[in-house]
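The values are calculated or read from the model by the stated rules, or taken from the named source; none is laboratory data. Treat the numbers as computed from the prediction; the structure is a model and nothing was measured. All Cβ positions, glycine included, derive from the backbone under ideal geometry; neighbour counts span all protein chains shown. These accessible areas exclude ligands, DNA and RNA; they are computed on the full protein's heavy atoms, side chains included. Shrake-Rupley method; radii C 1.70, N 1.55, O 1.52, S 1.80 Å.
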Amino acid sequence: MKTTAFDNEKYKKIQRDKILERISQFENKLYLEFGGKLFDDYHASRVLPGFLPDSKIQMLIEMKENVEIVVVINAQDIESNKVRGDLNIPYDQEVLRLIDAFRKIGLLVGSVVVTHYNAQDDVEHFIHRLENLGLSVFKHYVIKGYPNNIPLILSEDGFGKNEYVETTKPLVVVTAPGPGSGKMAVCLSQMYQDYSRDIKSGYAKFETFPIYNVPLKNPINLAYEAATADLNDANIIDPYHLESYGETVVSYNRDAEVFPVLKNIFKSIMGTSPYLSPTDMGVNTVGDCIVNMDAAIDASRQEILRRYFNALTKERLSGVEDDAVHKIERLMSLANISIDDRPVVKYAHEKATEAQEPAIAIELEDGHIITGKASTLFRASASVLLNAIKYLANLDDKLDIISRHVIKPVQDLKVQTLGNNNPRINADEMLVMLSVAATTNPVAELALKQLPKLRECEAHSTIILKQDDLDIFTKLKMNLTCSPEFRTKKLYHKR
């Protein structure tokens, strides 16, 4: 059982209070740039056991009478059909998903801002689609020399050229489908235009990681670097905070690099900068809510290992050497860990060696490790899930709770009618069969009821799984990693 490392209720309260304090600092109008994920922040919940994935959104719900959401998307991401990796959907579709999610919980979505707009055909189509759905869309343009050419930025040909977003609430949360969307520029553009309208608005940043008051090389902050290894982000000591206050706190490279420019922009807009360092801009109280640092460190080390296997898998799938792999190897060294510190890896490979077939291992909440291998009937994914829920239901491992008389016709359908080469039942198909069996078989029903107990369990596969199997582990909210190997030596591998 995982040890709680984080006080979630305390976090929601003091984070809300911090934001309200910052709103009052700027005469009741604050543009709050939200980095990371508002919904489903599973990285935070993995490295800080006790942090609930929807903590940030629950905090905003408590303030919803004062909150308005602005969603930002970069036109270049629409053109390139950029995909959000964890959900495997394009950024333009993610905008729609986010708006639906915000509306479902009663949060006002005021508008969508398209940055880097240049009348691109795909972008125009997307804008028309949003407008036909009744959404307000605003266009922001590329400013030559941004962010360094301050005279141009702070002119009618810079921020003044952007379409002004009318907002009605004291707190304007600026969020996006992913990084590089232009959230900060939207906030600053709004401030510039607000001041010309005699509205004394302000800007702040809500970034969960890195945690400024946790040491630079603490595995919690190292896990953030591992999570962003492909973005070339790096945690650093905030030099401006050290100079201004004599305090050593953690920031990250991109904020520190752009801060001198931001400070000058603030001075030009407001007459003075309200911030002396990148850390000052943040409203992050996560570090104040860690109640068990040892548990958080252990969890963060496991996250670094998960990110390592994910990077290895990505590298193998692309066939191109990935710098992220080497960066995470360095982080593993700093965290004093190796792949031997992820127990499911060893158990999965031992099972695969014994069976001479692909295998998967799952570590259950009680520490017991279950394995499953590919067979003539099932893929390893289906086998291990079936074995795990039988164990959790205290059923005999040798008990067949799905009749072979049911499995055979499905295999025949897959091969003879649907043209599949592999007759093995995948995880999705196995669960459907089990659900049908549960309607008449109490034992199958008992096994099926154990599935929620697999949530947050660690798992490892000795091969890169097919997408349909990956989707099942994701839906079950399991922490799966894969060794960077394919089942066959073919050149083409369908996911």
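Assorted remarks:
- For the chain, DSSP calls about 35 percent of its internal beta bridges antiparallel.
- Per-peptide packing, taken as the mean over residues of other Cβ atoms within 10 Å, places 452-460, 273-281 in the sequence 273-281, 452-460 from highest down.
- Sulfur and carbon atoms: percent of accessible area, segment 66-207 [1.4 Å]: 47 percent
- Simple Cβ-charge dipole of the chain, Lys/Arg +1 and Asp/Glu -1, about Cα centre, in debye nearest 20: 920 debye
- Largest to smallest accessible area among Lys18, Lys2 [probe 1.4 Å]: Lys2, Lys18
- Bridge type composition, segment 1-126 - antiparallel percent by DSSP, nearest 5: 20 percent
- Approximating the spin labels as points 7 Å out from Cα along Cα→Cβ, the Lys2-to-Ser403 distance works out to 4.0 nm.
- Mean sequence separation of contacting Cα pairs (under 8 Å, at least six apart), scaled by the length of the chain, corresponds to a relative contact order of 14 percent.
- Derived scalar couplings between HN and Hα for segment 184-195 equal 4, 4, 5, 4, 5, 4, 5, 4, 4, 6, 4, 4 Hz in order, rounded to whole Hz, by the Karplus curve 6.51 cos²θ - 1.76 cosθ + 1.60 (θ = phi - 60°), x for Gly and Pro.
- Sequence-separation-based contact order of segment 229-354, relative, with Cα cut under 8 Å and 6+ spacing, percent: 19 percent
- Per-selection Kirkwood Rh - the chain (Cα, Å, 1 d.p.): 24.9 Å
- Of the three principal axes defined by the Cα atoms of segment 147-275, the extents in descending order read 46, 34, 28 Å.
- Exposure of Thr481 as accessible area (Å², to 10), given a probe of 1.4 Å and all protein chains: 0 Å²
- Net charge dipole size for segment 304-415 [Lys, Arg +1 and Asp, Glu -1 on Cβ; Debye, nearest 20]: 340 debye
- All C-alpha to C-alpha distances of segment 428-479, sorted into 5 Å bins beginning at zero, yield P(r) values of 5, 18, 24, 24, 17, 10, 3, 0 percent in whole numbers.
- Relative contact order (%) - segment 1-115, alpha-carbon pairs under 8 angstrom, separation at least six: 26 percent
- Taken about its Cα centre, segment 381-495 carries a charge dipole of about 320 debye when Lys and Arg each add +1 at the Cβ and Asp and Glu each add -1 at the Cβ.
- Prolate/oblate/rounded call for segment 1-111, Cα gyration tensor, a/c under 1.5 rounded: oblate
- When a 1.4 Å probe is rolled over the protein heavy atoms, the share of accessible surface on segment 407-456 that falls to carbon and sulfur comes to 57 percent.
- Loop sites in segment 13-83: GluC sites (Glu not before Pro), DSSP, at most 16 other Cβ within 10 Å: Glu27
- Neighbour cut-off at most 11 other Cβ (10 Å), DSSP loop, GluC sites (Glu not before Pro), segment 142-205: Glu156, Glu166
- A helix-only calculation puts the chain at -13500 deg cm²/dmol for mean residue ellipticity at 222 nm, using -39500 (n - 2.57) for each DSSP H run of at least four residues, averaged over all residues.
- Counting only protein heavy atoms and a 1.4 Å probe, segment 251-407 has 45 square angstrom of accessible area per residue.
- Distant-in-sequence amide contacts of Phe138, defined by a placed amide H-H separation under 5 Å and a gap of 5 or more residues or a different chain, comprise Val112, Val113, Val114.
- For segment 1-60 versus segment 118-171, the gap between their alpha-carbon centres in whole angstrom: 28 Å
- When the convex hull of its Cα atoms is viewed from all sides, segment 326-467 shows a mean projected area of 10.3 nm².
- Low-density loop cleavage sites - GluC sites (Glu not before Pro) in segment 276-334, where at most 15 other Cβ are within 10 Å (DSSP): Glu321
- For segment 59-174: rounded, prolate or oblate by the Cα gyration tensor [a/c cutoff 1.5]: oblate
- Cα gyration tensor, segment 265-345 - rounded (a/c under 1.5), prolate or oblate: oblate
- Per residue, the accessible area of segment 101-217 comes to 43 Å² when a 1.4 Å probe rolls over the protein heavy atoms.
- Cross-link pairs beyond the 22 Å C-alpha cut-off, checked among Lys327/Lys373; Lys37/Lys64; Lys29/Lys144; Lys169/Lys263; Lys373/Lys414: Lys327/Lys373; Lys29/Lys144; Lys169/Lys263
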